[in-house]
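The values are calculated or read from the model by the stated rules, or taken from the named source; none is laboratory data. It should be emphasised that the depicted structure is a prediction, and the values quoted were computed from it without experimental measurement. As a convention, Cβ positions derive from the backbone with ideal geometry for all residues, glycine included, and neighbour counts pool all protein chains shown. Note: accessible area is taken over every heavy atom of the protein model, side chains too, but ligands, DNA and RNA are not part of it. Shrake-Rupley method; radii C 1.70, N 1.55, O 1.52, S 1.80 Å.
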Amino acid sequence: MTRIDDIFQKPKAKALIAYITVGYPSIEATKEVVPLLVESGCDIVELGIPFSDPLADGATIQKASFCALQNGITPKRCLELAQQLRQEVNIPLVFMTYYNPVFKYGIEKFCYDSAVIGVNGIIVPDLPPDEGSELEAISHKQGLDLIYLLAPTSTEERIEMVARKSRGFIYLVSVTGVTGVRESLTTNLDELVARVKRKTSKPICVGFGISTRQQAGQIARVADGVIVGSQIIQLMQAEDDFTSVCSFVKELRQALDRAQSS
Amino acid sequence: MQPDKKGYFGEYGGRFVPETLIPVLDELEATYREVKNDAVFWGEFESLSRDYSGRPTPLYAAEGMTRHCGGARILLKREDLAHTGAHKINNALGQGLLARKMGKRRIIAETGAGQHGVATAAVCAKLGLTCIVYMGEEDVRRQALNVFRMKLMGAEVRTVCGGSRTLKDAINEAIRDWVTNAQDSHYLLGSVVGPSPYPRMVRDFQSVIGKETRKQIKDKTGRLPDYIVACVGGGSNAIGIFYPFLKNEEVKLIGVEAAGKGLKSGMHAATLVAGSAGILHGTKSYLLQDKEGQIKQTHSISAGLDYPGVGPEHSFLKDSGRVKYVAVDDGQALEGFKLLCRTEGIMPAMETAHAIYYVIELAGSLNKNEIVDINLSGGGDKDIDIVAEAMEAGK
């Protein structure tokens with residue numbers, strides 16, 4: 001089984017990270033699509049545990065979360081599903097969710113249960129490092145990487161703090177805003193990545209708003225990885241056999257590989 | 001009490017928000033610290049509170065209601081007489097001045113009953129700021145009068161159709177706007193909820209209610225009241241009147257939440273009475289949530305109380321036992337509303353009517369020497385349609 005760190009060991013490797021909401025559009029769909037994402041070239045899959053009030057998410061993931069909850073998805077079901085997926089895929093699996101479901105499940109128990117089934121990391125967008133000491137200590141004890149986020153508004157001090165505390169990689173939010181497909185990204189993204197690079201040698205993966213191979217290729221020239229979510233979810237919604245999801249992911253893979261060799 | 005450095009009241013509070021907002025909160029906190037002892041800032045706040053908002057609001061001896069209840073003497077702190085018809089103007093004015101000081105010309109607000117939206121729209125009109133108000137679809141329907149008021153004052157009202165289509169979802173959407181426009185927009189949050197420094201800052205702006213009450217009651221009766229009763233949704237009017245009395249242990253403080261269709265029905269908004277600790281909208285506090293940590297749908301006849309969270313300082317005050325929290329249901333609140341109309345010729349907001357009903361029961365059990373002070377947090381003009389609907393249904 002691959003750990004998150006191993007993904008970034010290969011020189012100049014560009015990681016492709018996919019986000020999906022567990023249980024959207026159905027539980028079966030999640031089970032089917034994850035191995036296909038891996039086959040098509042994803043290096044890490046983020047499994048979104050749905051929350052009723054996803055305030056860092058735009059319309060697409062809000063809708064997916066709502067639908068998943070309607071489908072009866074709970075953190076426990078997500079853990080069961082991750083355990084099944086672990087038997088089928090070797091890449092790192094990362095949970096992404098909001099703090100309240102983790103808090104209510106029990107921080108200690110959540111980390112323990114996640115680690116036991118072979119989940120490798122956790123991302124909690126409403127838990128900045130200022131509030132994260134408890135989850136940090138417990139997740140690290142269990143060998144889970146707690147991945148923190150940086151944003152275009154982050155100050156130099158905060159970049160240093162997040163760089164020091166984030167494990168696995170640093171999740172760099174590309175825009176001031178919520179998740180969701182956008183036509184154009186922040187113009188000074190290169191500069192933003194460079195600012196973070198000056199403070200750390202940890203891998204930097206960029207997410208929020210990335211929906212085309214052009215955007216992915218452009219980001220991969222400067223960053224270590226690209227995170228794509230809403231566009232994948234929109235494509236999943238449209239069909240049963242995930243043909244267009246797979247071809248989209250393959251395109252992203254090619255764009256990243258080209259950026260690596262250039 | 002003052003929260004600790006990280007904005008915690010005991011174990012409640014904090015800043016559970018996306019990274020994007022942390023530097024924005026730092027800036028807000030720094031500006032607030034800067035003005036804390038700035039005589040010019042508070043001078044302008046006080047002068048506008050007087051000439052624009054109409055402060056101090058009266059402390060009124062409700063003799064008709066007192067006679068009806070047949071016990072303790074009842075006094076009403078008349079926040080309904082403040083400009084725009086509720087206590088909400090105090091906080092809107094304070095934060096409006098703060099936003100102007102920070103150079104933020106675009107104001108985002110959420111509203112449930114519409115009172116905070118109207119207060120914010122008024123302050124923005126006065127200070128020349130752009131105003132966007134998020135309001136749940138259900139609340140837009142049941143508080144149509146306030147929607148019209150906001151529009152007249154130049155605010156853009158954005159209807160929120162997600163989730164329960166009430167206050168909780170309006171806050172989600174306001175936060176999403178804020179994350180997107182953090183650099184040029186100030187989120188003028190309307191209650192003592194949200195990430196630090198909001199709970200403390202909003203309390204400070206609202207504590208003018210308690211400070212005035214303290215002086216007025218001493219002038220009138222020569223002593224402090226035995227009870228202070230206020231309704232609690234997010235909890236800003238309650239903390240505003242409670243705060244200056246916290247150290248006077250002899251003054252009993254009671255917060256009244258919405259029991260909706262009854263606590264057993266599950267259709268209520270009694271967060272402190274029936275909830276448990278969790279994290280929502282940037283703060284750790286009591287919440288109404290299921291066993292998986294998903295936020296529950298709430299219900300109350302009053303839009304302003306229809307919220308699954310509550311301010312972290314209230315959570316602290318509940319656990320410490322300093323404030324007692326109770327719940328009053330829709331039907332009882334309607335009784336309270338009608339009683340104040342009949343005995344005093346005052347129409348309270350349906351939110352406040354919850355506190356009125358509680359006092360009807362309480363005052364009757366006390367003797368004539370005791371004094372009960374109710375924070376009459378807002379007027380009921382906005383609720384006429386809901387009241388008519390409920391009275392029709394109750395026939």
| If you place +1 on the Cβ of every Lys and Arg and -1 on the Cβ of every Asp and Glu, how big does the dipole about the Cα centre of the protein assembly as shown come out, in debye to the nearest 20? | 1160 debye
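Antiparallel DSSP bridges in the protein assembly as shown: what percent, to the nearest 5?
Numbers: 17 of 79 bridges.
Bridges in the protein assembly as shown that DSSP calls antiparallel: roughly 20 percent.
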| Considering only B:Val372, B:Leu167, B:Val118, whose Cα is most displaced toward the positive end of the charge dipole of chain B, charges sitting on Cβ of Lys, Arg (+1) and Asp, Glu (-1)? | B:Val372
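Is there a quick way to get the dipole size of the stretch A:14-261? I mean about its Cα centre, with the Cβ of Lys and Arg at +1 and of Asp and Glu at -1; what is the value in debye to the nearest 20? It would help to have the intermediate numbers written out before the result.
Numbers: 24 positive and 29 negative charges, 108 e Å.
About 520 debye.
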| task | Just report the Cα centroid separation between the stretch A:210-251 and the stretch B:226-287, whole Å. | result | 46 Å
| Area of A:Asp113 that stays accessible when all protein chains are in place (1.4 Å probe, Å², to 10) | 30 Å²
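Rank these by accessible area, largest first, 1.4 Å probe: B:Thr120, A:Thr243, A:Thr212. Could you put the intermediate results ahead of the total?
Numbers: B:Thr120 0, A:Thr243 80, A:Thr212 50 Å².
Of B:Thr120, A:Thr243, A:Thr212, the descending order of accessible area is A:Thr243, A:Thr212, B:Thr120.
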| Listed residues A:Val38, A:Ile61, A:Ala13: farthest to the positive end of the dipole of the stretch A:1-81 (Cβ charges) | A:Ala13
| remark: Mean per-residue count of partner chain Cβ within 10 Å for A:64-73 equals 1
| What is the mean projected area of the alpha carbon convex hull for chain B, to one decimal in square nanometres? | 17.6 nm²
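Which entries in B:Lys104/B:Lys168; A:Lys104/B:Lys5; B:Lys77/B:Lys211; B:Lys261/B:Lys338; A:Lys104/B:Lys318; B:Lys36/B:Lys324 show an alpha-carbon gap greater than 22 Å? Please report the intermediate quantities before stating the final value.
Details: B:Lys104/B:Lys168 25 Å; A:Lys104/B:Lys5 25 Å; B:Lys77/B:Lys211 11 Å; B:Lys261/B:Lys338 18 Å; A:Lys104/B:Lys318 20 Å; B:Lys36/B:Lys324 30 Å.
Cα-Cα > 22 Å for B:Lys104/B:Lys168; A:Lys104/B:Lys5; B:Lys36/B:Lys324; rest within.
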| task | Please list the equivalent ellipsoid semi-axes of the stretch B:286-331, computed as the square roots of five times the alpha-carbon gyration tensor eigenvalues, in descending order and whole angstrom. | result | 19, 17, 9
| request: With a 10 Å radius around each residue's Cβ, average the other Cβ atoms per peptide and rank B:317-327, A:214-224, highest first. | output: A:214-224, B:317-327
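If you count, for every residue in A:101-107, the Cβ atoms of partner chains within 10 Å of its Cβ, what is the mean? Write down the numbers at each step before the final one.
Details: counts 6, 2, 7, 11, 3, 0, 0.
Whole-number average of other-chain Cβ neighbours for A:101-107 is 4.
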| task | For the stretch B:231-351, give the share of DSSP beta bridges that are antiparallel, in percent and rounded to the nearest 5; count only bridges with both residues there. | result | 50 percent
| request: Express in whole angstrom the spacing between the alpha-carbon centres of the stretch B:1-70 and the stretch B:82-121. | output: 12 Å
| request: Enter the accessible area of B:His116 (Å², nearest 10), with the probe set to 1.4 Å and all protein chains included. | output: 10 Å²
| said: I'd like the accessible area for B:Asp385: 1.4 Å probe, protein heavy atoms, all chains in place, Å² to the nearest 10. | reply: 110 Å²
| said: Projecting each Cα onto the charge dipole of chain A (Lys/Arg +1, Asp/Glu -1 at the beta carbon, about the Cα centre), which of A:Val193, A:Thr179, A:Ser133 comes out farthest on the positive side? | reply: A:Val193
| message | Leaving ligands and nucleic acids out of the surface, order B:Cys161, A:Cys246, A:Cys111 by accessible area at 1.4 Å, largest first. | response | B:Cys161, A:Cys246, A:Cys111
| note | Note to self: C-alpha centroids of the stretch B:310-326 and the stretch B:141-167 sit apart, in Å, by 30 Å
| request: Would you mind checking which residues have amide H under 5 Å from B:Leu75's amide H? H placed 1.01 Å from N; only 5 or more apart, or other chain. | output: B:Ala62, B:Val372, B:Asp373, B:Ile374
| message | How large is log10 of I(q)/I(0) for the stretch A:14-261 at q = 0.09, 0.10, 0.16, 0.17 Å⁻¹ when the intensity is taken from the Debye formula with one equal scatterer per alpha-carbon? | response | -0.34, -0.42, -1.19, -1.36
